[in-house]
Amino acid sequence: MPSLTATATSINTTPVHDAVVLILILAAVTLGYLGWCYVAPFARCGRCDGNGKERTRTGRAWRPCSRCHGGGARMRLGRYLVNYLRAAHRDAVRADRIRSKRGQR
Ligand SMILES: [Zn+2]
């Protein structure tokens with residue numbers, strides 16, 4: 001009868017290998033999140049739960065949500081970063097174009 005004791009096989013990993021895998025996973029998650037923010041820039045407002053309105057202090061009347069201004073949606077945090085990066089890229093391309101035009105004259 002074969003023995004039922006578990007044999008621990010050590011997977012040959014080095015600390016450098018683990019760090020590279022961790023960095024790759026973090027990069028994939030970050031790029032995935034930024035891609036998601038590019039595709040779906042808006043999310044449901046957390047304060048009014050997407051209704052766009054909230055109760056007044058007395059609790060009897062409704063008013064537009066103060067966070068989403070009645071829209072019921074908020075921009076994702078990553079979308080602010082995407083917009084910033086796109087604006088920075090656009091400004092850089094524009095400045096480069098102006099610089100090259102000045103060089104032609
Ligand atoms: Zn809201």
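All of the numbers you see were taken from the coordinates with simple rules; none came from a lab. Remember, it's a predicted structure, so these values are computed and weren't measured experimentally. All Cβ positions, glycine included, derive from the backbone under ideal geometry; neighbour counts span all protein chains shown.
Observations on the structure shown:
- Diffusion coefficient, µm² s⁻¹, Stokes-Einstein with Kirkwood Rh over alpha-carbon pairs of the chain at 10 °C and 1.306 mPa s: 82
- Taking the fewest neighbouring Cβ atoms within 10 Å as the starting point, the ordered list for Y38, Y84 is Y84, Y38.
- For the chain, the list of Cys residues with no other Cys C-beta under 4.7 Å reads C37.
- Between V93 and F42, the FRET efficiency from the beta-carbon distance, with R0 = 30 Å, is close to 0.65.
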